[in-house]
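The values are calculated or read from the model by the stated rules, or taken from the named source; none is laboratory data. Keep in mind the model is a prediction, meaning the values are calculated, not measured. No Cβ is skipped: glycine too gets one built from the backbone with ideal geometry, and neighbour counts run over all protein chains shown. Each accessible area value is taken on the protein alone, full model and side chains, heavy atoms only, with ligands, DNA and RNA left out. Shrake-Rupley method; radii C 1.70, N 1.55, O 1.52, S 1.80 Å.
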Amino acid sequence: MTPLPQPEDLTSLVLRTDFTDNAAWDALKAALIAGDPYPNATFVSDPQYAAVGIHALVQADADADDDDKLTYLFLADSTTMADDEHPLLAVDLYDQPGRTFRVPPRWYAEVSANMSIANMDFADFAEAADESGTFRGFEGG
């Protein structure tokens, strides 16, 4: 696999891995953009990543030069596209490579902004996920 795409500065990589529904992809992008007035996502829709698995992404990042390594990314996978809520799959590539949680667009800006500036770690959000593995904000927040 080629090296993973690099997100633009202070944004998070949103990598499309499901290409079955262009309307769902467009709806997801619109929801993420509407959730925050500042750019917070670098969208990549490249068929070479169709149905790529987490293990392959972790390996691609591990094989990358140090300057090209990512600490996390968000996948727009088959669940993202099929679910009415469009929850992205957040994937840890740094501390616990392969660890995941889901995040609906409503919470994406909070997660992306805090992780992109290293204000909070992947684990902070993963550990706050509900029983379904979905982050829906912090209790009392």
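Of all residues in region 69-78, which are open to solvent by less than 60 Å² (accessible area, probe 1.4 Å) and either without any contact (Cβ under 8 Å) to a residue 40 or more places away in the chain or not in a loop (DSSP other than H, G, I, E, B) (or both)?
Hits for region 69-78 are Tyr72, Leu73, Phe74, Leu75, Ala76.
Could you please let me know if Glu131 is open to solvent by 10 Å² or more (accessible area, probe 1.4 Å) and modelled with pLDDT of 95 or more?
yes
For region 9-28, which residues satisfy the criterion of being under 10 Å from Met81 (Cβ atoms) and either touching a Cys at 6+ places or on another chain (Cβ under 9 Å) or of a type in the set (Gly, Ala, Ser) (or both)?
Applying the first criterion (under 10 Å from Met81 (Cβ atoms)) to region 9-28 yields 16-25, 27-28.
If the condition is that a residue be under 10 Å from Met81 (Cβ atoms) and either touching a Cys at 6+ places or on another chain (Cβ under 9 Å) or of a type in the set (Gly, Ala, Ser) (or both), then Ala23, Ala24, Ala27 are the ones that fit.
Return only the number of the condition from (1) part of a helix (DSSP H, G or I); (2) charged (D, E, K, R); (3) buried (at least 18 other Cβ atoms within 10 Å of the Cβ) that Asp26 does not satisfy.
Asp26 satisfies every listed condition except (3).
Have a look at Arg102, Arg106 and point out the one that is open to solvent by 60 Å² or more (accessible area, probe 1.4 Å) and out of contact with any Lys or Arg (no Cβ under 7 Å at 6 or more places or on another chain).
Details: Arg102 fails: open to solvent by 60 Å² or more (accessible area, probe 1.4 Å).
After applying the criteria, what remains is Arg106.
Give the residues of region 2-28 that are within 15 Å of the chain's Cα centre (by Cα), farther than 14 Å from Ser112 by Cα and without any contact (Cβ under 8 Å) to a residue 60 or more places away in the chain, sorted by residue number.
Across region 2-28, the qualifying residues are Pro5, Trp25.
Let me confirm something: among Ala82, Ala90, which residue is in contact (Cβ under 8 Å) with a residue 40 or more places away in the chain and surrounded by 23 or more Cβ atoms within 10 Å (Cβ to Cβ)? Give the derivation first.
Numbers: Ala82 fails: surrounded by 23 or more Cβ atoms within 10 Å (Cβ to Cβ).
Only one candidate passes the filter, namely Ala90.
Which one of Pro37, Pro3 is surrounded by fewer than 16 Cβ atoms within 10 Å (Cβ to Cβ) and in contact with a helix residue (DSSP H, G or I) (Cβ under 6 Å, 6 or more places away or on another chain)?
Result: Pro3 is the single residue among Pro37, Pro3 that is surrounded by fewer than 16 Cβ atoms within 10 Å (Cβ to Cβ) and in contact with a helix residue (DSSP H, G or I) (Cβ under 6 Å, 6 or more places away or on another chain).
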